[in-house]
Amino acid sequence: MTVQTSSGPALVLGGGGVLGAFQAGFLKALFRTGFRPSMIVGTSAGARNAAFMAFRPDADGAAELARIWTSLRDRQLFFFNPMRAAVQLMSGGLCLSRNDMLRTLVERNVSVDNFAATAVPLYITTTNLARACKQVFHEGPVSRAVLASAAVPGIFCPIEIEGDLHIDGGVVANLDIETAVDLGATEIIAVDLSRCMDGRRPSNLASLLMQTLDVIQRQRVDHDVGALAARARITLLQPSPDGGFGLGDFHHVDRLLEEGERMGESALALCMGPDGRMKPGVIHDPLHLHEWPAHAA
């Protein structure tokens, strides 16, 4: 099976903490087909995956990305300490957790820390606090943009870039299909992780903050997809992996990678047309394709 890429599908990767491992599993299945995106747009956890794949946009790169996620399975993206959180809140701190591990992860796995060095165009979405708007980075250090895009408000400290503070891009565009369309993409494959925490009960302040952000993100994704489906051929994957994990808990990485790869293989079999192009619509789990009205047969 080979994905037809002459028209240059864009790849858009949304955020979702450890669910980025599910996304990485899907990318393994996708890139095994010979897929090569015309551009990659990433937000939050999707920004980390996007940055890596922009440097190595092939099957070997996707396999290495999965290995990186596997290496994190006994760690946590953030460490929530109630005592430290109380001190931070009382002293006027801007975050509950340090992002040292994330910084190290990004810096170690970005081969040349500059957007100009990527093999395919890379766009990283952040939220500019000073200007109260979305900002998309395409120049300068990749690691800085990725850290800013993944700076979950209240959990990770904002990242200062050129005098402005930036936080998680998911606040304004967790699945930034809009940027891909505005840049001229007419075919898009997008992975939306905003449906993955349905029905979960938050276990601490950090998970409450992340699930609150998740609700906001879902509303924006629904709005953007509805508005943009008529302007581009969008294939949207919306997985619902089995529960039992937190967005910052990496103990379930192996299972998420396996589920992502399995769903990717099934989705490709379901949605690949005879011309090698992906059918437009939303792929839900349990697996079925809901085509957009404008594209329905």
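Every number in this text was worked out from the coordinates using simple rules, so none of it is lab data. Note that the structure is a prediction, hence the values are computed from the model and not measured. Neighbour counts are summed over all protein chains in view; Cβ atoms, including those assigned to glycine, are modelled from backbone coordinates with ideal geometry.
Structure values in brief
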quantity: Net charge contributed by nearby residues that have their C-beta within less than 14 Å of V120 (K/R +1, D/E -1); calculated: +1
quantity: Net charge of neighbours whose Cβ lies under 12 Å from the Cβ of K134, counting Lys and Arg as +1 and Asp and Glu as -1; calculated: -3
